[in-house]
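Taking it in order: structure first as structure tokens, then the write-up.
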Amino acid sequence: MAQVDVILQVTNKKAVKDKYKVAVIKREVEFSKETYNRAYNDFSQFVAANPTLEKMTANAEEAGYKLLDRSDVSAAEHGIGGVRGTKEALRWVFSAKPGDVSGLYECGESDHLMAVALVNVTPEGYRPLKDVQEILKAEIVKEKKAEKIMADMKAANASTLDQYKAMPGAVSDSLKMVTFAAPAYVPSLRSSESLVGAYASVAEADKLSEPIKGNAGVFVLQMYGKEKTNETFDVKEEENVLTNMHARFASRMMNDLYLKGKVKDTRYLFF
């Protein structure tokens, strides 16, 4: 290695503190073979005595075991319940019938025992109504509530922002730096609202909008100022934006090809 002369300057110095070297002896806590055999025998007897889903559900807690629900298991997954080494249990799931209970599986690094029961199978295509009824209910309630609020606001015949602000339950907020490129975040509602940017791009200054249904509320908007940015066109930056956009489009196209090609995902057989 070459020799050089180095000139150093100390610009700051911290207070001197005592430091210690500590020797640490670490030993992993592992269960004994006797403990493993006892747990294995107990669980094996439980699985044998409860060969149906109903019996397993009714007797698991009393026997000291806890049932874990795992919904929407798909063929693209590599295991069950976040436990390593559950490939055989996953294969069993896709060959079983609703109500079946598997045998005992040793999983992980020989530190997990697992039995799997198949509750039901969701056919390919649209989900059954009972699986999404709570989601649909929430959307319908939000839709009907918005319609009621909009009707009340129109019935009030308000013509100024102050009159709308005086209505029961109304909150007001001022947003700056609103652009058409991204949804505007409304702090008072803790929600991103794309309609704000869309309206601002075509609105006239100081003109009050009609009540508009948004994502987290009904809005009456008034644009009080519009400024053009001083940004100059940058060819290199625009190329980067278009490159990223093309990559996103390519990803979406591959997903469309996957769906239209009716690809059967059988990764669970190999991973």
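The values are calculated or read from the model by the stated rules, or taken from the named source; none is laboratory data. Values in this document were obtained by computation on a predicted structure and should not be read as measured data. Note: ideal-geometry Cβ built from the backbone for every residue, glycine included; neighbour counts use all protein chains shown.
Residue check, Ala63 against (1) in contact (Cβ under 8 Å) with a residue 12 or more places away in the chain; (2) under 30 Å from Thr122 (Cα atoms); (3) assigned to a loop (DSSP other than H, G, I, E, B), all met but one. Which one?
(2)
Select, from Ala155, Ala216, Ala138, the only residue that is loosely packed, with under 11 Cβ neighbours inside 10 Å, under 30 Å from Asp72 (Cβ atoms) and modelled with pLDDT of 85 or more.
Details: Ala155 fails: under 30 Å from Asp72 (Cβ atoms); Ala216 fails: loosely packed, with under 11 Cβ neighbours inside 10 Å.
Testing whether each residue is loosely packed, with under 11 Cβ neighbours inside 10 Å, under 30 Å from Asp72 (Cβ atoms) and modelled with pLDDT of 85 or more leaves just Ala138.
Just to be sure before I move on: is Met150 in contact (Cβ under 8 Å) with a residue 60 or more places away in the chain and over 22 Å from the mean Cα position of the chain (by Cα) in the structure I sent? Steps first, please.
Details: in contact (Cβ under 8 Å) with a residue 60 or more places away in the chain: yes; over 22 Å from the mean Cα position of the chain (by Cα): yes.
Judged against the criteria, Met150 is a match.
Given Ser192, Ser172, Ser201, which one is of a type outside the set (D, E, K, R), closer than 27 Å to Lys228 by Cβ and in contact with a helix residue (DSSP H, G or I) (Cβ under 9 Å, 6 or more places away or on another chain)? Show your work before the answer.
Working: Ser192 fails: in contact with a helix residue (DSSP H, G or I) (Cβ under 9 Å, 6 or more places away or on another chain); Ser201 fails: in contact with a helix residue (DSSP H, G or I) (Cβ under 9 Å, 6 or more places away or on another chain).
When all the criteria are applied, what remains is Ser172.
Restricting to the stretch 73-116, name every residue that is crowded, with 17+ Cβ neighbours inside 10 Å and among the aromatic types (Phe, Trp, Tyr).
Trp92, Tyr105
How many of the residues in the stretch 159-196 are surrounded by 13 or more Cβ atoms within 10 Å (Cβ to Cβ) and either assigned to a helix (DSSP H, G or I) or not assigned by TED's automatic domain parsing to the domain that holds Gly214 (or both)?
6
Filter the stretch 43-71 down to residues that are of a type in the set (A, V, I, L, M, F, W, C) and in contact with a Phe, Trp or Tyr (Cβ under 9 Å, 6 or more places away or on another chain) and give me whichever is nearest to Val83 (Cα to Cα).
Step one: filter the stretch 43-71 for residues of a type in the set (A, V, I, L, M, F, W, C), giving 43, 46-49, 53, 56, 58, 60, 63, 67-68.
Next, from what is left, pick out any that are in contact with a Phe, Trp or Tyr (Cβ under 9 Å, 6 or more places away or on another chain): 43, 46, 56, 60, 63.
Numbers: Phe43: 17, Phe46: 21, Met56: 21, Ala60: 20, Ala63: 22 Å.
If we take residues in the stretch 43-71 being of a type in the set (A, V, I, L, M, F, W, C) and in contact with a Phe, Trp or Tyr (Cβ under 9 Å, 6 or more places away or on another chain), then Phe43 is nearest to Val83 (Cα to Cα).
Looking for something within 30 Å of His78 (Cβ to Cβ), touching a residue at least 12 places away in the same chain (Cβ under 8 Å), polar (S, T, N, Q) and surrounded by 10 or more Cβ atoms within 10 Å (Cβ to Cβ) - is there at least one such residue anywhere in the stretch 199-211? Walk me through it before giving the result.
Applying the first criterion (within 30 Å of His78 (Cβ to Cβ)) to the stretch 199-211 yields none.
Scanning the stretch 199-211, I find no residue that is within 30 Å of His78 (Cβ to Cβ), touching a residue at least 12 places away in the same chain (Cβ under 8 Å), polar (S, T, N, Q) and surrounded by 10 or more Cβ atoms within 10 Å (Cβ to Cβ), so the answer is no.
Any chance you could count how many residues in the stretch 254-271 are in contact with a Lys or Arg (Cβ under 8 Å, 6 or more places away or on another chain) and either of a type outside the set (A, V, I, L, M) or farther than 15 Å from Glu77 by Cβ (or both)?
Looking only at the stretch 254-271, we keep the residues that are in contact with a Lys or Arg (Cβ under 8 Å, 6 or more places away or on another chain), and these are 268-269, 271.
Still in the list and also either of a type outside the set (A, V, I, L, M) or farther than 15 Å from Glu77 by Cβ (or both): 268, 271.
The qualifying residues number 2.
Is it true that Met223 is over 17 Å from Ala146 (Cα atoms), surrounded by 10 or more Cβ atoms within 10 Å (Cβ to Cβ) and in contact with a helix residue (DSSP H, G or I) (Cβ under 6 Å, 6 or more places away or on another chain)?
Details: over 17 Å from Ala146 (Cα atoms): yes; surrounded by 10 or more Cβ atoms within 10 Å (Cβ to Cβ): yes; in contact with a helix residue (DSSP H, G or I) (Cβ under 6 Å, 6 or more places away or on another chain): yes.
Yes: the conditions hold for Met223.
How do the pairs read when you match residues in the stretch 40-51 that are closer than 14 Å to Val101 by Cβ with residues anywhere that are in a helix (DSSP H, G or I), using Cβ under 7 Å and keeping only pairs 6 or more apart or on different chains?
Taking only residues 6 or more apart or on different chains, the pairs are Asn50/Met56; Asn50/Asn59.
The conditions are (1) acidic (Asp, Glu); (2) loosely packed, with under 10 Cβ neighbours inside 10 Å; (3) at pLDDT 85 or above, and Glu54 fails exactly one of them. Which is it?
With respect to (1) acidic (Asp, Glu); (2) loosely packed, with under 10 Cβ neighbours inside 10 Å; (3) at pLDDT 85 or above, Glu54 is out only on (2).
Of everything in the stretch 168-195, what is touching a strand residue (DSSP E or B) at 6+ places or on another chain (Cβ under 9 Å) and either β-branched (Val, Ile, Thr) or over 23 Å from Asp152 (Cα atoms) (or both)? Give them in sequence order.
If we filter the stretch 168-195 for residues that are touching a strand residue (DSSP E or B) at 6+ places or on another chain (Cβ under 9 Å), which is where we start, we get 173, 175, 177-178, 182-186, 191-195.
Across the stretch 168-195, the qualifying residues are Leu175, Met177, Val178, Ala182, Pro183, Ala184, Tyr185, Val186, Ser192, Ser194.
Out of the residues in the stretch 106-158 meeting the condition of being hydrophobic (A, V, I, L, M, F, W, C) and assigned to a loop (DSSP other than H, G, I, E, B), tell me which one is farthest from Ala216 (Cα to Cα).
Of the residues in the stretch 106-158, the ones hydrophobic (A, V, I, L, M, F, W, C) are 107, 113-119, 121, 129, 132, 135-136, 138, 140-141, 146, 149-151, 153, 155-156, 158.
Now drop any that are not assigned to a loop (DSSP other than H, G, I, E, B), which leaves 115-116, 118-119, 121, 156, 158.
Details: Ala115: 43, Val116: 41, Leu118: 38, Val119: 36, Val121: 35, Ala156: 21, Ala158: 21 Å.
Taking the candidates together, the pick is Ala115.
Does Glu34 count as surrounded by fewer than 10 Cβ atoms within 10 Å (Cβ to Cβ) and outside any loop (DSSP other than H, G, I, E, B)? Break it down stepwise before answering.
On the way: surrounded by fewer than 10 Cβ atoms within 10 Å (Cβ to Cβ): yes; outside any loop (DSSP other than H, G, I, E, B): yes.
Yes, satisfied.
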